[in-house]
Amino acid sequence: MTLINDFMSLIYPRHCEACGNGLFKHEAYICNYCKLNLPKSNYHKNNLNELSLTFAGRVPLVNALCFYLFEKSGKVQKLLHAIKYQNQKELAQFIGELYAQDLKTEKTLEEVDVIIPIPLHTKKLKLRGFNQSEWFAKGLAKVMEKPMDISSFERLQETSTQTKKKKYQRWENVEGIFSVKNNTTLINKHILLVDDVITTGATIEAAWMALKEVEGVKISVISIAFAARKLGV
């Protein structure tokens with residue numbers, strides 16, 4: 001098997017999705033240098049962080065976390081593009097596993113009951129073939145050993161891209177688009193709501209507007225990246 005892998009690596013050389021350099025045998029998706037030097041938020045060590053302040057007065061969150069801080073034309077953007085536009089869904093799961101290892105070390109999110117990825121509309125899911133937030137959630141769920149629920153929460157409407165919209169336009173674009181399909185399964189649950197990227201927080205706020213009707217529900221949010229200003233992806 002090793003000989004086969006070595007032969008295949010000569011024909012199809014593997015490269016780091018963040019920097020583009022070649023990967024060593026023991027590396028997967030992201031080289032060790034980038035693992036150490038990508039701009040991590042470390043928000044799991046500080047609950048009063050820039051992302052949590054983004055939702056202040058809008059969504060009552062237990063935790064607001066992201067793995068990386070987004071910079072336009074930076075390495076994190078390359079990772080997001082590889083996932084979203086190059087069908088690298090396994091990369092999203094890999095990143096979820098990486099982040100979950102940090103979360104377990106710090107014992108963050110131990111009280112979470114269920115992990116729910118932000119759903120795509122069925123039309124967009126069929127067109128893209130996968131939900132990048134769901135694959136990120138898979139990695140989190142695997143390492144955190146928490147159940148993932150992709151059936152109790154749904155997107156009712158297909159929306160246009162948020163990338164070039166202003167803040168108020170983003171909210172108008174997502175208002176009323178989510179619905180809870182099965183309230184009973186989520187009663188008194190602490191939900192970890194998973195998105196790929198958070199900017200203004202309009203999508204998370206729209207999700208909360210639907211989920212807040214569930215009795216006793218608590219919400220934490222987590223994403224691959226957070227961009228305080230313009231996303232550009």
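Side notes on the structure shown:
- Here the accessible area is traced with a 1.4 Å probe on the protein chains. For the chain, carbon and sulfur cover 51 percent of it.
- Segment Glu175-Ala82, length gained on full extension (0.36 nm per residue, minus Cα span): 30.6 nm
- Working from Cα pairs under 8 Å separated by at least six residues, relative contact order for the chain is 22 percent.
- Of the three principal axes defined by the Cα atoms of the stretch 1-143, the extents in descending order read 55, 37, 31 Å.
- For the stretch 42-50, the Karplus equation 6.51 cos²θ - 1.76 cosθ + 1.60, evaluated at θ = phi - 60°, returns couplings of 6, 5, 5, 9, 8, 5, 9, 10, 4 Hz by residue, with Gly and Pro reported as x.
- Once backbone amide H atoms are built at 1.01 Å from N, Phe153 has Lys181 as its partners under 5 Å, excluding neighbours fewer than 5 places away on the same chain.
- Near the amide H of Phe178, within less than 5 Å, lie the amide hydrogens of Leu156, all on another chain or at least 5 residues away, with H placed in the peptide plane.
- If you wrap the Cα atoms of the stretch 27-75 in a convex hull and average its projected area over all directions, you get 4.5 nm².
- Sites listed here are GluC sites (Glu not before Pro) in the stretch 51-107 whose DSSP assignment is loop and whose Cβ has at most 12 other Cβ atoms within 10 Å: Glu106.
- Take the chain with all the other protein chains still there, run a 1.4 Å probe, and you get 53 Å² of accessible area per residue.
- In order along the stretch 99-104, the Karplus-derived 3J(HN,Hα) couplings, from 6.51 cos²θ - 1.76 cosθ + 1.60 at θ = phi - 60°, round to 5, 4, 5, 5, 5, 5 Hz, and Gly and Pro are given as x.
- Calculated [θ] (222 nm, deg cm²/dmol) that DSSP helices of n ≥ 4 give over the chain, each run adding -39,500 (n - 2.57): -11000 deg cm²/dmol
- Taking all pairs of distinct alpha-carbon atoms in the stretch 52-122, Kirkwood radius in angstrom: 14.5 Å
- Sequence-distant residues sharing a close amide H with Leu65 (under 5 Å, placed H): Val221, Ile222, Ser223
- Multiplying the residue separation of Lys123 and Asn46 by 0.36 nm and subtracting their alpha-carbon distance yields 23.9 nm.
- Cross-link pairs beyond the 26 Å C-alpha cut-off, checked among Lys40/Lys189; Lys35/Lys89; Lys104/Lys189; Lys124/Lys218; Lys35/Lys146; Lys35/Lys138: Lys40/Lys189; Lys124/Lys218
- Three-way shape label, the stretch 82-146, alpha-carbon gyration tensor, a/c 1.5: oblate
The values are calculated or read from the model by the stated rules, or taken from the named source; none is laboratory data. Because the structure is a prediction, the values reported are computed rather than measured. Positions of Cβ are generated from backbone atoms using ideal geometry, with glycine treated the same way; all protein chains shown enter the neighbour counts. Side chains included, ligands, DNA and RNA excluded: accessible areas come from the protein's heavy atoms. Shrake-Rupley method; radii C 1.70, N 1.55, O 1.52, S 1.80 Å.
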